[in-house]
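Below is one structure; the comments refer to it alone.
Laboratory data are not the source of any read-out in this text; all were calculated from the coordinates shown. All of these numbers come straight from a predicted model, not from anything done at the bench. As a convention, Cβ positions derive from the backbone with ideal geometry for all residues, glycine included, and neighbour counts pool all protein chains shown.
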Amino acid sequence: MSGLAIDGKTDILGLIDVQPTFMPGGELPVAGGASVVEPINRLLAGPFATAFATQDWHPRGHISFASSHGLPAFAEIAAPYGPQTLWPDHAVQGSANAALHPSIVQDRIAVIVRKGMQAAVDSYSAFFENDRTTPTGLDGWLRNRGVRRLFLCGLATDFCVAWSAEDAATLGYAVFVVDDACRGIALPTADGSDSITRARERLAVRGVRFTTTAALTS
Ligand SMILES: [Zn+2]
């Protein structure tokens, strides 16, 4: 793959949910989740002048918690806004595991968007809650700064990264997913595939491109 020159003014790195709650030892661990920290720090020390970060940030009793419904984790319910996968309690507001990973170098992180704060609506995407209409405000922030290309990394590839990438593409940004700085959950899908494969297919259709940390240069 040939190199991709990063423009410090119009390109931004987006850290999606780089929180210990999604890493081994956390409440909703993604396999290999902690291994995104090192490549992300390399990008934050290198080509990107600015980054934003999201934090999953749920109140107790959140609609996405299986425990709120007396159902097993990974079951699906029909929420008023559509199907909602249920998860183990995770990213509880104020808990140590809901903070940004302590090893992430935050100097270039200009804004942190917290999502999933409403008890009755989950929020995978950095841009919209899962009703797909309530905005987080991130789009306005990026537009005001003249950002045109987003490079997304973090957890999990097939949920919060994928939904963010999809919404960003719909909003008109050029979107790249930095593969080696992401890890996914890979839930089995009804058709015998898995959620990472399906997410990649969906993103490709939207024109989202996949890249690696090695390809990104100043
Ligand atoms: Zn969550």
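Please state which one of PHE74, PHE159 is under 23 Å from THR21 (Cβ atoms), in a helix (DSSP H, G or I) and within 15 Å of the ligand (Cβ to nearest atom). The match here is PHE159. Take PHE74 and tell me if it is farther than 20 Å from GLY154 by Cα, touching a residue at least 24 places away in the same chain (Cβ under 8 Å) and either in contact with a Lys or Arg (Cβ under 6 Å, 6 or more places away or on another chain) or surrounded by fewer than 23 Cβ atoms within 10 Å (Cβ to Cβ) (or both). Spelling it out, PHE74 is indeed farther than 20 Å from GLY154 by Cα, touching a residue at least 24 places away in the same chain (Cβ under 8 Å) and either in contact with a Lys or Arg (Cβ under 6 Å, 6 or more places away or on another chain) or surrounded by fewer than 23 Cβ atoms within 10 Å (Cβ to Cβ) (or both). Across region 24-58, the number of residues qualifying as at negative phi, in a loop (DSSP other than H, G, I, E, B) and more than 14 Å from the ligand (Cβ to nearest atom) comes to 7. Per the listing PHE48, PHE65, the residue uniquely touching a Leu at 6+ places or on another chain (Cβ under 6 Å), farther than 19 Å from ASP158 by Cβ and not acidic (Asp, Glu) is PHE48. In region 77-111, which residue that is on the phi > 0 side of the Ramachandran plot and in a loop (DSSP other than H, G, I, E, B) is surrounded by the most Cβ atoms within 10 Å (Cβ to Cβ)? Per the stated criteria, the residue is ALA91.
Checking each residue in region 162-218 for being of a type in the set (Gly, Ala, Ser) and part of a helix (DSSP H, G or I) picks out ALA162, SER164, ALA165, ALA168, ALA169, SER195, ALA199, ALA204, ALA214, ALA215.
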